[in-house]
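Read-outs: derived from the displayed coordinates by stated rules, not from any lab. Note that the coordinates shown come from a computational prediction; the quantities given were computed from them, not determined experimentally. Note that we place each Cβ from the backbone using ideal geometry, even for glycine, and neighbour counts take in every protein chain shown.
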Amino acid sequence: MQRLGLALVVMALAGCGALRDAFSAHPRVAATAAGQDLTVQQLATWVAGVKRIQPKVQNFAGLAAVYVDYMVFAAQLAKGRNMDDSLLVLEANWPAVAQLKWNRFHDRLVAARADLTPAEIDSTYLAGTVRLFQHLLIQVPASAAPPLVERKRALTEQLLHQVSAQHGAGFAALARRYSEDPGSKSSGGYLSVAARGQFVVPFETAAWVLEPGGISGAVRSPFGFHIIRRPPLAEVRDSFSAGLARLVTQHLDSVYVDSLATRRELRVKSGAPAVVRTVLGDLVSARTNSRILVTYRGGAFRVSDLVRWIFALAPQEVRFLPSASDDQLRQFLRVVAERELLLAQVDSAGVQLAPDDWQEIRVGHDSVLSFLERQLGISPKMLADSAATVDARVRLAATHVDSYLGRALSGNVQIVPVPPFLAAALRESEPWSIDPGGVADAVDRATAQRAASDSMPAPGLRRAPGGPPIPLDTAVRRSAR
């Protein structure tokens, strides 16, 4: 199944900068949510003893944002919010919902394409423009001493002798037993169907001269020693056909996306990379920024759209952004804007979630809710049974939020932020603010508390009378006189 590249991401604790226009007027408050305050002193005390958190404004602001999200979540539980409401489920799980709808749409695209005929499969194999190989790898570290290299070479030659003696018939069994390539070992050394240019040069040079059924010698690459085989078509017809279909699908998908971008005249604005760098320092407040980054016929891709995608994409897809070049940022913007156009195509086609999709989404949603409730030690029933009024239930929920964050920062439990799309949806239902002045004050107080703690003598020890010891270099200079 061709993936759109979406994933439900639990965002790591990160800097958030100035997070909202409505800031607290009281310097004693770092953040407020659902009528409950995170005081400057509380925030400073939480972090002062946590050496792993550097006393920087962005770190403290990130923690304040975590507090806001948990407090909003807890307050909504206390007020009896139906967390299984369909609209909330869709909004809180937008990445997964979009992925599933794209899968349905993509299935339609694939079904409309003609299947490869046996004759096309045979001719493509014989043409050799794409090939399927088996290999067996004996790894050799880059820093390996010559004696180790020779031992590895001898083992490779021994295995090559066995493979050649059996004319390749036992290759898969030997690969499963001896190969040190974790990606292909369990499959008998079979690699994916690929065009030329997908492998390291020594491997490719040796592999591409093989006739069907041919076996290479011992081939040295940066990974170690390879034995490469090109299986005959009769042996791998089904797997070659499946791999070829996958390549054709990928190619047609690329053509589809490129043609869509061309038809819609997609253009990245010249100053967009600089805007992206600014946005990365303050993602949360940028959620409402309407500045245009990419234009296309009939619409535009804005800063707010970018932030939504950054929160939705898997961490490895966005980790490079802070250090990316202008060209890389332009390419990233083009890719996510194309994905936005694809999802618009999905919606215009009237694609809906199937019952199985809804079941998958709801199971995941309920799992997240249960996890958050366990983290806080609360539930709607527990809150209703423990307090008579809504205000009392909210205050009780607030004590659990404070307790959880205190325990998490002391290292007793793991701190996991509320998933960003659920947090964003729930924030719309509660008043909240983060005061940058209060956050900065908390940084100063935590820094002072750490300094005072570090200057205290260890228990059971007393300072020696008199001034500090003479520095070593001073003692050396005095003795030399």
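Here the 3J(HN,Hα) profile of the range 46-52, calculated from phi with Karplus coefficients 6.51, -1.76 and 1.60 at θ = phi - 60°, is 4, 8, 4, x, 9, 5, 6 Hz, Gly and Pro shown as x. Site-free segments of the chain were taken between GluC sites (Glu not before Pro) in DSSP loops having at most 15 other Cβ atoms within 10 Å, sites themselves excluded; the longest one is 1-179. The chymotrypsin sites (Phe, Trp or Tyr not before Pro) of the range 269-336 that DSSP puts in a loop, and whose beta carbon has at most 13 other beta carbons within 10 Å, are 320.
Would you compute, from DSSP H runs of 4+ residues alone, the mean residue ellipticity of the chain at 222 nm, taking -39500 (n - 2.57) per run and dividing by the full residue count, rounded to the nearest 500? Write out the running numbers ahead of the final one.
Numbers: 19 runs with 263 residues, N = 481.
Only helices count here, giving -17500 deg cm²/dmol.
The phi torsions of the range 202-208, fed into the Karplus equation with coefficients 6.51, -1.76 and 1.60 and a -60° offset, translate into couplings of x, 5, 5, 4, 6, 6, 7 Hz, rounded to whole numbers, with Gly and Pro shown as x.
Note on residue 79: lysines with a C-alpha under 19 Å away, same-chain residues under 8 apart excluded, are 381. Here the average projected area of the convex hull drawn through the C-alpha atoms of the range 178-259 stands at 6.5 nm².
For the range 147-165 and the range 63-78, what is the separation of their Cα centres, given in Å? Taking the Cα centre of the range 63-78 as reference, the centre of the range 147-165 is 61 Å away.
Which whole number in µm²/s is D for the range 294-443 by Stokes-Einstein, with the Kirkwood Rh taken over Cα pairs at 37 °C and 0.692 mPa s? Kindly include the intermediate steps, with their values, before the conclusion.
Working: Rh = 19.6 Å.
Translational diffusion coefficient: 168 µm²/s.
Equivalent-ellipsoid semi-axes (√(5λ), Cα gyration tensor) for the range 133-230, whole Å, largest first? Could you put the intermediate results ahead of the total?
Details: eigenvalues 74, 51, 32 Å².
Here the semi-axes work out to 19, 16, 13 Å.
Computed on the range 133-230, with alpha-carbon pairs under 8 angstrom and 6+ residues apart, the relative contact order is 41 percent. Per-residue extension of 0.36 nm, minus the Cα-Cα distance of residue 143 and residue 381, leaves a gain of 79.5 nm for this segment. Close amide-amide hydrogen proximity is noted between residue 293 and 301, 302, 303, each under 5 Å apart and 5 or more residues distant or on a separate chain (H modeled in the peptide plane; Pro and chain starts excluded).
Applied to the range 228-241, the Karplus parametrisation 6.51 cos²θ - 1.76 cosθ + 1.60 on θ = phi - 60° returns per-residue 3J(HN,Hα) values of 10, 10, 9, x, x, 4, 4, 7, 10, 4, 5, 5, 5, 4 Hz, with x for Gly and Pro. Take the Cα of residue 186, step 7 Å toward its Cβ, do the same at residue 321, and the gap between the two points is 3.3 nm.
By other beta-carbon atoms within 10 Å, ranking 278, 389, 45 with the fewest at the front produces 389, 278, 45. Partner lysines whose Cα lies under 27 Å from the Cα of residue 185, excluding those fewer than 8 positions away in the same chain, are identified as 152.
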